[in-house]
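To start, the structure under review is shown below, and the notes come after it.
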Amino acid sequence: MQPGQVKTAADARALVETLKAPHVKVGVFDIDGIMRGKYISREKFLSALDGGFGFCDVVLGWDCQDQLYDNVKYTGWHTGYPDAPVRLLPETCRKLPFEDDGLFFLGEFAPPGDVVCPRGLLRRVLERGRAMGYEVYSGFEYEFFCFKETPDSVRAKHYRDLTPMAPGWFGYSVIRNSAGSDFYRQLLDTCREMDMAIEGLHEETGPGVIEAAIAVDKALAAADKAALFKTFAKVIAQKNGMMATFMAKCSKDWPGQSGHIHLSLKSQGGESVFHEEGKPHSMSDAMRWFVGGQQKLLPELLAMVAPTINSYRRLIPGFWAPTDSTWGVENRTTALRVIPGSPKSQRVEYRIAAADANPYVILSAALGSGLWGIENRIEPEPVVTGNAYDRKFPARLALPRTLWDSAQRLKGSKMARDWFGDAFVEHFAATREWEEREFRKHISDWELARYFEII
């Protein structure tokens, strides 16, 4: 049996016993979409297949720098940071090519932690969609910068004047990916071996920027692949003496880094829900309402879509990122891009998404808002043609400009509380408020240069 064939706990047990692996690597994803994991012994893993295992719930109660939130209810000093039950997910079994083909499994927080677990959130949204009669398919695209740096060198340079993997702006360059073919091939091969196959990989516009399109899959598996890709792309880069970053905007002079999501719905019988011949752009009523829901709710769900301070550096005109909740047909200046095609290819591209978002959280927002739109038959605003950056839109379509404002909109969203649960909304919004508070403690180079002498 191969790792990709594992579907059940019995399969996982048989594979581990056959390989006689002394240790197995397991991981869970925190609120920011960062994988937290460890090696566990073969014996403990086999036991955990039946009863799960404990993982300190601090991973749901700290930020990306391991600083403890002081404003959340789920966990904290007031709870003593106990172990939270985690269930292993046999179907996520993968081999680790760079660790002598060792085995890796994802886990997911079980009750009571499931109410704030990002993967648990997406699973609940998908279950609600399935109850409506839909199967959801999605594919993630990521842009990321690679630098000829190490974790030590970037700190020594204070994250300034870093050396890109390749100089200049050279989108779709065959020269670049041929000259750097060892790294490209390693990335492609590793992703294929770890069941997160890349269907397109190319040099993007900007120094050392790569774009990867991960093959479409059912939504939960697609989010797993996206989250794993972000993790192991970083691993592969560091093993090659480089660093990869998925920041939304790492330089004011360079483009931001998107994390676009392609979404489509099928019926339980496997037929396209979005495609209908004879309709404008082949958009079915369901697809039109799906887009309408996404458009209407994007301003109040933006914290789930743009979850960092840095996210808002990307949402500026002229750098391929939307500034209002807009939609268009084959229009890359809008937040939502309808892509007409055959029943197989008709889909929505959620272009507002950046590379820094948690794949489980952002897919929950994109999908939940669309399904809500179908439920409520929400008609979208008039379609945008031409350059959306040159248009003025109604105030209701304006996106919040700061993370704090986005968090307040999320807390006040009736749809979010209905679809995602009060516990998740309160917890996630509080973590974003914490992020904003941490930022406000910081004195930037811009402030010093602007005010130190003259004011």
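The values are calculated or read from the model by the stated rules, or taken from the named source; none is laboratory data. Just so we're clear, the structure is a prediction, and the values are computed from it rather than from any experiment. Glycine also receives a Cβ, built like all others from the backbone with ideal geometry; neighbour counts cover every protein chain displayed.
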| query | In this structure, does Glu193 turn out to be touching a Gly at 6+ places or on another chain (Cβ under 9 Å) and either closer than 30 Å to Phe290 by Cα or assigned by TED's automatic domain parsing to the domain that holds Ala226 (or both)? | reply | no
| query | From the residues in segment 210-230 that are under 20 Å from Ala365 (Cβ atoms) and acidic (Asp, Glu), which one is surrounded by the fewest Cβ atoms within 10 Å (Cβ to Cβ)? | reply | Asp217
| Residues satisfying the stated conditions in segment 108-130, i.e. in a helix (DSSP H, G or I), in contact with a helix residue (DSSP H, G or I) (Cβ under 9 Å, 6 or more places away or on another chain) and farther than 17 Å from Asp422 by Cα | Leu126, Gly129
| Has segment 142-164 got at least one residue that is closer than 22 Å to Val348 by Cα and in a loop (DSSP other than H, G, I, E, B)? | no
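Here is a yes/no grid of residues against (1) modelled with pLDDT of 95 or more; (2) buried (at least 20 other Cβ atoms within 10 Å of the Cβ); (3) farther than 15 Å from Ala233 by Cα:
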| position | (1), (2), (3) |
| --- | --- |
| Tyr137 | yes, no, yes |
| Thr150 | yes, no, no |
| Tyr172 | no, no, yes |
| Ile175 | no, no, yes |
| Ala179 | no, no, yes |
| Cys191 | yes, yes, no |
| Gly208 | no, yes, no |
| query | How many residues are surrounded by fewer than 23 Cβ atoms within 10 Å (Cβ to Cβ) and either closer than 19 Å to Glu141 by Cα or of a type in the set (S, T, N, Q) (or both) when one looks only at segment 259-268? | reply | 4
| Of the residues that make up segment 62-78, is at least one under 30 Å from Ala197 (Cβ atoms) and part of a strand (DSSP E or B)? | no
| message | Taking the criterion of being within 25 Å of Ile362 (Cα to Cα), at pLDDT 95 or above, in contact with a strand residue (DSSP E or B) (Cβ under 8 Å, 6 or more places away or on another chain) and buried (at least 16 other Cβ atoms within 10 Å of the Cβ), would at least one residue in segment 2-20 satisfy it? | response | no
| Counting only residues that are surrounded by fewer than 19 Cβ atoms within 10 Å (Cβ to Cβ), touching a strand residue (DSSP E or B) at 6+ places or on another chain (Cβ under 8 Å) and modelled with pLDDT under 95, how many does segment 309-330 have? | 1
| query | Among the residues of segment 387-403, how many are in a helix (DSSP H, G or I) and charged (D, E, K, R)? | reply | 2
| field | Subset tally (residues that are over 17 Å from Leu302 (Cα atoms), hydroxyl-bearing (Ser, Thr, Tyr) and part of a helix (DSSP H, G or I)) for segment 419-455 | value | 1
| task | Just give me the residues in segment 53-89 being free of Cβ contacts under 8 Å to residues at least 24 places away in the same chain and buried (at least 22 other Cβ atoms within 10 Å of the Cβ), in sequence order. | result | Gly61, Thr75
| message | Please go through segment 320-337 and give me each residue that is more than 20 Å from the chain's Cα centre (by Cα) and in contact (Cβ under 8 Å) with a residue 24 or more places away in the chain, ordered by number. | response | Asp324, Thr326, Trp327, Gly328, Val329, Asn331, Thr333
| query | How many of the residues in segment 158-167 are of a type outside the set (Val, Ile, Thr) and surrounded by 11 or more Cβ atoms within 10 Å (Cβ to Cβ)? | reply | 5
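Give the residues of segment 408-436 that are among the aliphatic types (A, V, I, L, M) and closer than 16 Å to Asp63 by Cα, sorted by residue number.
Those that are among the aliphatic types (A, V, I, L, M) and closer than 16 Å to Asp63 by Cα: Ala429, Ala430.
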| message | Every residue in segment 236-253 that is part of a loop (DSSP other than H, G, I, E, B) and either at pLDDT 95 or above or surrounded by 18 or more Cβ atoms within 10 Å (Cβ to Cβ) (or both), please. | response | Asn240, Gly241, Met242, Phe246, Met247, Ala248, Lys249, Cys250
| message | Any residue at all in segment 252-265 that's in the same structural domain as Ala213 (by TED's automatic domain parsing) and without any contact (Cβ under 8 Å) to a residue 60 or more places away in the chain? | response | yes
| request: Looking for whichever is closer than 30 Å to Lys225 by Cα and either out of contact with any His (no Cβ under 7 Å at 6 or more places or on another chain) or in the same structural domain as Asp224 (by TED's automatic domain parsing) (or both) here; the options are Val383, Val361. Which one fits? | output: Val361
| query | Within segment 170-189, is even one residue outside the structural domain of Val26 (by TED's automatic domain parsing), under 18 Å from the mean Cα position of the chain (by Cα) and of a type outside the set (Ser, Thr, Tyr)? | reply | no
| field | Single match in Arg401, Arg347, Arg377, Arg432 (criterion: modelled with pLDDT of 95 or more and surrounded by fewer than 14 Cβ atoms within 10 Å (Cβ to Cβ)) | value | Arg377
| said: Six or more apart or on different chains, Cβ atoms under 6 Å: show the pairs whose first residue is in segment 272-288 and free of Cβ contacts under 8 Å to residues at least 40 places away in the same chain and assigned by TED's automatic domain parsing to the domain that holds Ile378 and whose second is of a type in the set (Gly, Ala, Ser) and in a loop (DSSP other than H, G, I, E, B). | reply: Glu276/Ser284
| field | Subset of segment 404-418 (residues that are surrounded by fewer than 13 Cβ atoms within 10 Å (Cβ to Cβ) and not in a helix (DSSP H, G or I)) | value | Gly412
